[in-house]
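Beneath this line is the structure, given in structure tokens, with notes to follow.
The values are calculated or read from the model by the stated rules, or taken from the named source; none is laboratory data. Everything quoted here is computed from the prediction, not taken from an experiment. Note that each Cβ is placed from the backbone with ideal geometry, even for glycine, and that neighbours are counted across all protein chains shown. Note: areas computed on protein heavy atoms with side chains; ligands, DNA, RNA excluded. Shrake-Rupley method; radii C 1.70, N 1.55, O 1.52, S 1.80 Å.
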Amino acid sequence: MEKAMDSDEATRSAAAAASTAMKGFAQSTITVDNPADLYPLIGELLGSLRSLVQVADQLAHAHMRHRGRARLDDGDATLGAHEADGATWALVRARELLDAAEHATDLASQDSSRIAWVPAERNERWVSVVFLQGAEADEPLNLLDRSEASAAIRYLAQWDYGDETTEAALVNGYVYEGIPTCATDRAVEDKASGYAVIHNPTLGYVSLLRRFPQTSDEAAAPSAAVAPATPSRSAALHPWFSSRRSGDRSVVRSVAL
């Protein structure tokens, strides 16, 4: 009996440790600065998924094996067995989905293994100044629609507080190698002002970035967290921030719909 209890405790501890490790994995891959790390990271994800497939399968079998001991809180054995059946089939479905995820991740691993990443050019970076969406984006989007981009840039530049905006972007990691755009975005760079405006009339958002040259000291030092120029496919994952108008200059996160 004591040996069984020790085994149960070890199983629960292993499950908790695995959960904690995956949370750490998720946290550490929020930003991947070196694309050469992507292939080995996908390999670790693939290994984790293979283990999860096995765990889901084993938990489903365990529900079936102990079905006769299942009871509700009131002692009802019939309904207890019914709930055990439901958990079993839900786990079987989870196993099928994890199996599909494993297969897709394996394909991703094969594709990623064939990529030869070109070293990033670090002589030009961009900091996020402001991101507007919905009704707040109507005016700059209208300016972009009926006049040159310079008018919209002048309008959006009122949110640029110079060093304060740059510092906020550096602290929060909103610094990009190149101008980050999604497939449906339109981007216009004004070389004279050092600004670039990204807009998406379909999704109703507009953002302003400012060129942030890298100094020679920064180039010689290990790079801070700098996001890649190509963001996720969904505009909802744009990691922009917006500063409120004068009077309330606190930095807030703004997420596109």
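A few points about this structure:
- Residue check for Gly24: among the small types (Gly, Ala, Ser), surrounded by 11 or more Cβ atoms within 10 Å (Cβ to Cβ) and out of contact with any Cys (no Cβ under 7 Å at 6 or more places or on another chain): no
- In region 185-210, residue nearest to Val129 (Cα to Cα) [restricted to those that are assigned to a loop (DSSP other than H, G, I, E, B) and under 20 Å from the mean Cα position of the chain (by Cα)]: Asp185
- Looking at Ser109, Ser19, just one residue is hydroxyl-bearing (Ser, Thr, Tyr), in contact (Cβ under 8 Å) with a residue 12 or more places away in the chain and open to solvent by less than 60 Å² (accessible area, probe 1.4 Å), and that residue is Ser109.
- Matching residues, region 27-40, being open to solvent by less than 80 Å² (accessible area, probe 1.4 Å) and at pLDDT 90 or above: Pro35, Ala36, Asp37, Leu38, Pro40
- Scanning region 70-89 for residues that are closer than 18 Å to Gln58 by Cβ, of a type outside the set (S, T, N, Q) and open to solvent by less than 60 Å² (accessible area, probe 1.4 Å) yields a count of 5.
- Pairs with Cβ under 6 Å, 6+ apart, first in region 155-172 and among the acidic types (Asp, Glu), second open to solvent by 40 Å² or more (accessible area, probe 1.4 Å) and assigned to a helix (DSSP H, G or I): none
- Note on region 159-188: residues that are hydrophobic (A, V, I, L, M, F, W, C), within 24 Å of Gly204 (Cα to Cα) and surrounded by 14 or more Cβ atoms within 10 Å (Cβ to Cβ) amount to 7.
- Within region 34-63, residues that are touching a residue at least 60 places away in the same chain (Cβ under 8 Å) reach no partner that is loosely packed, with under 14 Cβ neighbours inside 10 Å and among the basic types (Lys, Arg) with beta carbons closer than 7 Å at six or more positions or on different chains.
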